[in-house]
Amino acid sequence: MNEGQHIPVLLREILEHFALKGEARVLDCTFGGGGHTKAFLEAGEGIKVVAIDKDPQAGERVKRLEKEYGKRIRFYDMSFDELDRIEEKDFDDILFDLGVSSFQFDEPHRGFSFRYSAEVDMRLDPREGSSAAEFLEKASHLDLVKAVRDYGEETAWRAVVGAIEKARGSGVLKNTQSFADLVSKAVGNQGRGKFSRIHPATKTFQGVRMAVNDELGQIEKALPKAFDKLAIGGILAVISFHSLEDRVIKRFFRRMAGRPEHKKDNLPQDMRQQYAKLITNRPIVAGKEEVEKNSRSRSAKLRLLQKEKRMEYEKA
């Protein structure tokens, strides 16, 4: 996929809420294909963008923008849960576009998709950690359950986990297509309509990917660090593609806004601290026109939070 084919999700809605004027400073925590970053830079000649991405190939893509925009863009090759290490602070706007980019899905050797025959890797940063194939061979029973049942939300999780454990050592778990076939046979028609358009292995692939990359854990670490990096009045925007991601974001945003995080949160109101206000009580979703142009936007949810004051430890 080339740059011209990359379509940034919910771009219009983000541009409507971000204050891209004068010498605004924006932090793009998930550079990916660079679509959002490029739009920010084009919004005004004084706008500067700091971009983060741990995918080594993102660094190659950012070079094209550096040639065009020069010192107005600065790139950090790191995971966004380490964003407290960057020098810059007091950003006017910060964006997270979570999940896997279309570039990564369309690169067969990355092992994210069963459309291609490849090693089951799935690492967002292939330079570190264990591959998905290694995870499938060595993970404990409980970790497999968490990946398939909790992260993948697969209703036939018992059959899938059992099939994975039985296939260990056979070589089946090393290849995307043989692994997908294994899962498909285990799932069968359980919980699926006869004419379901979702491939039986989709949920398991998603869950394993989330487990291998500790995606929820990284979001939980990154959100408070991003909030610290915001200027007063700055906007924090997060696009998620999974219900568990959205839950983490929703609870953090409500906590910062001094609201109950969930139905069982009974903390008295006078014990809460309000540091921000919710711009979105409910997530913004893509319209029909965008979904028709970009199917990836179908499951996208955008939440926005505006910082009103610094937290106590920020004042130190």
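Computed from the coordinates by the stated procedures, all read-outs in this text should not be read as laboratory data. Remember, it's a predicted structure, so these values are computed and weren't measured experimentally. Here the Cβ is made from the backbone with ideal geometry for all residues, glycine too, and neighbour counts use every protein chain on show.
Listing for the model above:
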read-out: Test: residue in the stretch 294-304 that is buried (at least 17 other Cβ atoms within 10 Å of the Cβ), part of a strand (DSSP E or B) and of a type outside the set (D, E, K, R); value: yes
read-out: Hits in the stretch 224-281 - residues which are closer than 22 Å to Leu15 by Cβ, surrounded by fewer than 16 Cβ atoms within 10 Å (Cβ to Cβ) and among the aliphatic types (A, V, I, L, M); value: Ile232
read-out: Among (1) closer than 20 Å to Phe18 by Cα; (2) part of a loop (DSSP other than H, G, I, E, B), the one test that Gln274 misses; value: (1)
read-out: Some residue of the stretch 218-229 being over 18 Å from Cys29 (Cβ atoms) and either without any contact (Cβ under 8 Å) to a residue 60 or more places away in the chain or over 19 Å from the mean Cα position of the chain (by Cα) (or both); value: no
read-out: Helices (runs of 4 or more DSSP H) completely within the stretch 76-162 that count 1 or more residues being small (Gly, Ala, Ser); value: 102-105, 132-138
read-out: Meets criteria (surrounded by fewer than 21 Cβ atoms within 10 Å (Cβ to Cβ) and without any contact (Cβ under 8 Å) to a residue 40 or more places away in the chain) for Lys63; value: yes
